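Novice: Let me give you the structure first, and then I'll get to my questions.
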Amino acid sequence: MVGIFSLVTGMVGPSGFGSSTTAEQVTEGIDASNLTIIITGGASGIGLETARVLALRKAHVIIAARNMESAKEAKQLILEDNESARVDTMKLDLCSIKSVRSFVENFLALNLPLNILINNAGVMFCPFQLSQDGIEMQFATNHLGHFLLTNLLLDKMKQTAKSTGIEGRIINLSSIAHTYTYEEGIRLDNINDQIGYSDKKAYGQSKLANILHSNELSRRLKEEGVNITANSVHPGVIMTPLMRHSSLLMRSCNNMLCCSASKLERGNWEVLFGL
Ligand SMILES: NC(=O)c1ccc[n+]([C@@H]2O[C@H](COP(=O)([O-])OP(=O)(O)OC[C@H]3O[C@@H](n4cnc5c(N)ncnc54)[C@H](OP(=O)(O)O)[C@@H]3O)[C@@H](O)[C@H]2O)c1
């Protein structure tokens with residue numbers, strides 16, 4: 001991750017890329033035509049830009065979204081730029097266990113390979129609410145939904161990695177906000193405590209869970225000798241609809257620091273695109 005100074009100035013790092021480098025620049029010359037990629041929340045913000053550029057590099061991209069109207073618009077946007085893009089959309093609501101299971105069932109029925117899973121969707125700082133399954137919303141969406149999705153898709157990813165010889169990748173979009181969480185880290189015994197709820201700490205808690213998930217999964221995959229890596233990434237500060245529950249002050253600060261989703265920093269694109 002580049003520091004604040006480099007982030008604001010766009011100064012390049014040792015790799016020759018900086019915060020003003022675009023995803024297109026980072027992936028220039030890459031042929032991803034042999035890759036099938038699922039990206040959650042690929043209908044907006046970072047997910048949309050990731051989907052667009054991966055499709056530009058000829059990958060088959062599946063946008064998994066809760067709002068199919070937005071997903072359709074996202075696909076249209078990508079196709080306007082690149083009419084040969086291979087982009088499909090599928091319904092996935094991460095805060096519903098039923099929806100995650102049904103997404104996986106539908107995906108497996110397509111009999112496609114799966115090389116890369118980008119767990120990108122997320123909500124931030126929302127007021128206290130419970131998911132359909134009765135779990136605090138930020139934890140349910142940002143961590144639990146992705147945790148279940150990953151587990152249910154893992155066999156497919158292992159089969160793909162084995163049959164193609166291509167290293168599989170699982171990427172969890174986390175955040176520097178993982179450092180700002182409840183005193184006990186993750187409130188596993190008290191996840192639905194409304195009285196002590198902090199919208200910021202609940203977000204941090206869910207992002208910490210993303211990192212722990214990647215770390216433990218990575219350890220297990222190595223132990224098993226499976227040709228798949230698991231990583232988490234902080235994407236930088238990017239002005240997206242994610243900020244909808246942020247205060248005006250925070251949004252203004254972010255605005256000063258932020259880059260657009262098409263100008264993510266090199267180090268993080270490397271992880272996102274598995275370079
Ligand atoms: N932007 C930043 O500065 C920043 C910094 C650090 C980390 N991140 C992380 O980066 C990731 C992407 O964020 P972003 O900034 O691109 O935000 P964004 O534009 O709001 O995108 C988030 C996506 O997640 C989707 N989503 C939310 N709840 C969902 C659910 N229950 N099921 C399925 N999809 C759901 C949203 O769909 P709807 O459009 O339907 O809401 C949206 O498409 C997040 O995990 C975030 O925590 C972002």
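Values in this text are rule-based calculations from the coordinates and carry no lab data. These numbers come from a predicted model, not from an experiment. So basically every Cβ, Gly included, is an ideal-geometry build from the backbone, and we count neighbours across all protein chains shown.
Novice: Could you work out the helix-only [θ] at 222 nm for the chain, with each DSSP H run of four or more residues adding -39,500 (n - 2.57) and the total divided by the number of residues, to the nearest 500 deg cm²/dmol?
Specialist: That comes out to -13000 deg cm²/dmol.
Novice: Sequence-distant or interchain residues sharing an amide H contact under 5 Å with THR89, placed H: which?
Specialist: Distant-sequence amide H within range of THR89: ILE63.
Novice: Whole-Hz ³J(HN,Hα) for each residue in segment 133-149, computed from phi via Karplus 6.51 cos²θ - 1.76 cosθ + 1.60 with θ = phi - 60°, x for glycine and proline: what do you get?
Specialist: Values per residue, Gly and Pro as x: 8, x, 10, 3, 4, 5, 5, 4, 6, 6, 10, 4, x, 5, 4, 5, 4 Hz.
Novice: Quick check: convex hull of the Cα atoms in segment 88-211, volume per residue, rounded to a whole Å³?
Specialist: Convex hull of Cα atoms, per residue: 110 Å³.
Novice: When you have a sec, figure out the Kirkwood radius of segment 164-207 from all distinct Cα pair distances and drop it here in Å to one decimal? Show your work: numbers first, answer last.
Specialist: Numbers: mean 1/r = 0.0831 Å⁻¹.
Kirkwood radius, segment 164-207: 12.0 Å.
Novice: Sort THR160, THR179, THR9 so that the residue with the fewest other Cβ atoms within 10 Å of its own Cβ comes first and the one with the most comes last. Kindly include the intermediate steps, with their values, before the conclusion.
Specialist: Working: THR160 22, THR179 9, THR9 12.
The most exposed by this proxy come first: THR179, THR9, THR160.
Novice: What is the Cα centroid distance between segment 82-139 and segment 9-71, reported in whole angstrom?
Specialist: Each part reduced to its Cα centre gives a spacing of 17 Å.
Novice: Separation between the ASP155 and LEU108 pseudo-spin-labels, each 7 Å from Cα along Cα→Cβ, expressed in nm?
Specialist: 0.5
Novice: Just how large is the dipole of segment 32-269 about the Cα centre, in debye to the nearest 20, putting +1 at every Lys and Arg Cβ and -1 at every Asp and Glu Cβ?
Specialist: 460
Novice: Here's another thing I want to ask about it. Taking Rh as the Kirkwood radius computed over C-alpha pairs, what is the Stokes-Einstein D of the chain at 4 °C in a medium of viscosity 1.567 mPa s, expressed in µm² per second?
Specialist: Details: Rh = 19.0 Å.
So the translational diffusion coefficient is about 68 µm²/s.
Novice: If you don't mind, there's one more thing I want to ask. Can you give the convex hull volume per residue for the Cα atoms of segment 7-156, as a whole number of Å³?
Specialist: Per-residue hull volume (Cα only) is 135 Å³.
Novice: Suppose we take every Cα in segment 143-256 and form the convex hull; what volume per residue is that in Å³?
Specialist: Values: hull volume 15.0 nm³, N = 114.
Expressed per residue, the convex hull around the Cα atoms of segment 143-256 is 131 Å³.
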